[in-house]
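> There's a structure below that I have some questions on.
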Amino acid sequence: EAVLAKRADLAGLRILVTAGGTREPIDSVRFVGNRSSGRMGFALAEQAARRGAAVTVLAANVALERTPGVVYRDVETAAQLADACGEEFPRCDVLLMSAAVADFRPVAPPDAKIKKDAGPPPAIELEATPDILLALAAQRRPGQTVVGFAAEHGDGALDFARGKLARKRLDAIVVNDISQPGIGFDTPDNEVTIVAPDRERPLPRAPKGEIAAAILDEVVRLRTTATA
Ligand code: CTP
Ligand code: CA
């Protein structure tokens, strides 16, 4: 009975998850990328669907098994992710922004392969990408819950995360310390702290499915507190 109740506790909720890592073209065959596998985002999607939510995943370059019943849209670049988020965000109740979005991208990549004999090694000029999460959180309507993710390195990880929570006006941010061995990118386990304005909850190291379930519990709590 309790298990069944728990299973359906997200029924009626539309959850948008971004997962993976964006790739920014250098030319027609090369890109600037990052090490995000998409495991955390896909685990969130799987757990949320299991608990009754209607889940859409914007997947940036993720090569993982997909959950039946979840809607997936594939994107490659930060710009494509921003466009897809712009379309999907207005119709969601909860945004879980777990994708690793490139902060910089090559300016005006050529539409062909750069040849090695064409001259000296080219310099790659970069420009900043827009902060998708900042923009979405700023345009949200009442009742939308917005959760960010941050991979930080060692000392100061929590302080950096608190800063992002405030600057981007998030309901919560999930932070992991990627200086710890076996944690974070491309690993089956994670160890995170969920930072919300009113409390900070460290979660012991566990498989990403368990971490995902705890993050969804926190979303439920935040939404209950917000409407109480
Ligand atoms: N994010 C985003 N758009 C970007 C960069 C980041 O939406 N251009 C989102 C990420 O998906 C994540 C959150 O912002 O949910 C925090 O990302 P993070 O890289 O930790 O923070 P930044 O603001 O990019 O700062 P920095 O990389 O310098 O720590
Ligand atoms: Ca960043």
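The values are calculated or read from the model by the stated rules, or taken from the named source; none is laboratory data. Just so it is clear, the structure is predicted and the values come from calculations on it, not from any experiment. Please note: Cβ atoms are built from the backbone with ideal geometry, for glycine as well, and neighbour counts cover all protein chains shown. In case anyone asks, the SASA skips ligands and DNA or RNA and just uses the protein heavy atoms, side chains included. Shrake-Rupley method; radii C 1.70, N 1.55, O 1.52, S 1.80 Å.
> Could you order peptides 167-175, 67-75 by the average number of other Cβ atoms within 10 Å of their residues, highest first? If you can, show how the numbers build up before the last one.
Values: 167-175: 21.8, 67-75: 14.6.
Per-residue mean Cβ counts within 10 Å order the peptides as 167-175, 67-75.
> Could you pull out every residue, at least 5 positions away or on a different chain, whose amide H is within less than 5 Å of the one on Ala102? Hs are placed 1.01 Å off N in the peptide plane, and Pro or chain starts have none.
Thr22, Ala78
> Restricting to DSSP loop positions (anything but H, G, I, E, B) with no more than 12 other Cβ atoms inside 10 Å of their own Cβ, which GluC sites (Glu not before Pro) remain in region 7-77? Before the final figure, lay out each step's value.
Details: sites: Glu46, Glu65, Glu76; in loops: Glu65, Glu76.
Here the GluC sites (Glu not before Pro) that fit, given the DSSP loop and packing criteria, are Glu65.
> So if we plug the beta-carbon distance of Thr225 and Gln80 into 1/(1 + (r/R0)^6) with R0 = 30 Å, what FRET efficiency do we get, rounded to 0.05?
Working: r = 34 Å, r/R0 = 1.14.
The value I calculate is 0.30.
> Would you work out which of Ile124, Thr224, Ala166 lies farthest towards the positive end of the dipole of region 71-228? Charges go on Cβ: Lys and Arg +1, Asp and Glu -1.
Thr224
> Follow-up question, since we're still on this one. Go through region 70-76 residue by residue and turn each phi into a ³J(HN,Hα) via Karplus (6.51, -1.76, 1.60, θ = phi - 60°); whole Hz please, and just put x for glycine and proline.
8, 8, 10, 10, 8, 9, 10
> Related question: Measure nothing fancy, just the Cα-based angle from helix 208-227's long axis to the longest principal axis of the chain, in degrees from 0 to 90, nearest 10.
Result, in degrees: 60.
> Determine the order of Asp186, Asp93 by accessible area, beginning with the largest, at a probe radius of 1.4 Å.
Working: Asp186 95, Asp93 20 Å².
Most to least solvent-accessible, the answer reads Asp186, Asp93.
> Could you look at the chain and say what percent of its accessible area is carbon and sulfur, using a 1.4 Å probe and all protein chains? Write down the numbers at each step before the final one.
Values: 6390 of 11830 Å².
Result for the chain: 54 percent of the exposed heavy-atom area is carbon or sulfur.
> Right, something else. Calculate how steeply helix 157-167 sits against the longest principal axis of the alpha-carbon atoms of the chain, using the helix alpha-carbon long axis, and give the answer as 0 to 90 degrees to the nearest 10.
Helix 157-167 sits roughly 90 degrees off the main axis of the chain.
> A further question on this structure: Using only Cα atoms and rounding to the nearest 10 degrees, what angle (0 to 90) does helix 39-50 make with the longest principal axis of the chain?
With both axes taken from Cα atoms, the answer is about 40 degrees.
> Which of Ser28, Ser98, Ser37 moves most in a GNM of the chain, Cα contacts under 10 Å?
Top of the fluctuation ranking is Ser28.
> Search the structure for amide H atoms under 5 Å from the amide H of Asn190, placed 1.01 Å from N in the peptide plane, and list their residues when 5 or more places away or on another chain.
Counting only residues 5 or more places away or on other chains, the set is Ala206, Lys208.
> Additional query: Please give the solvent-accessible surface of Glu210 in Å², to the nearest 10, using a probe radius of 1.4 Å with every protein chain present.
Its heavy atoms expose roughly 120 Å² to the probe.
> Please state the charge dipole magnitude for the chain, taken about the Cα centre, from unit charges on C-beta atoms (+1 on K and R, -1 on D and E), reported in debye and rounded to the nearest 20.
Values: 29 positive and 31 negative charges, 93 e Å.
So the dipole magnitude of the chain works out to roughly 440 debye.
> Another question, then. For the chain, what ratio Rg/Rh do Cα atoms give with a Kirkwood hydrodynamic radius? Can you show the working numbers first?
Values: Rg = 18.2 Å, Rh = 18.3 Å.
That ratio is 0.99, to two decimals.
> Would you mind computing, in nm to one decimal, how far apart the modelled labels at Ala123 and Arg30 are, each placed 7 Å from Cα along Cα→Cβ?
1.6
> Taking 0.36 nm per intervening residue step and subtracting the Cα-Cα distance, what contour gain separates Val71 from Asp217 on full extension?
That works out to 50.4 nm of additional length.
> Which three extents, in whole angstrom, do the alpha-carbon atoms of region 1-94 cover along their principal axes, largest first?
Answer, in whole Å and largest first: 55, 26, 17 Å.
> What dipole magnitude, in Debye to the nearest 20, does region 20-83 give about its Cα centre under +1 on Lys/Arg Cβ and -1 on Asp/Glu Cβ?
Numbers: 8 positive and 7 negative charges, 58 e Å.
It works out to roughly 280 debye.
> Send over the semi-axes of region 66-135's equivalent ellipsoid, whole angstrom and largest first, taken as the square roots of 5 times the C-alpha gyration tensor eigenvalues.
Working: eigenvalues 212, 46, 18 Å².
The three semi-axes for region 66-135 are 33, 15, 9 Å.
> Give me the net charge of Asp177's neighbourhood, meaning all other residues with Cβ under 10 Å from the Cβ of Asp177; Lys, Arg count +1, Asp, Glu -1. It would help to have the intermediate numbers written out before the result.
Working: positive: none; negative: Glu152, Asp155, Glu191.
It works out to a net charge of -3.
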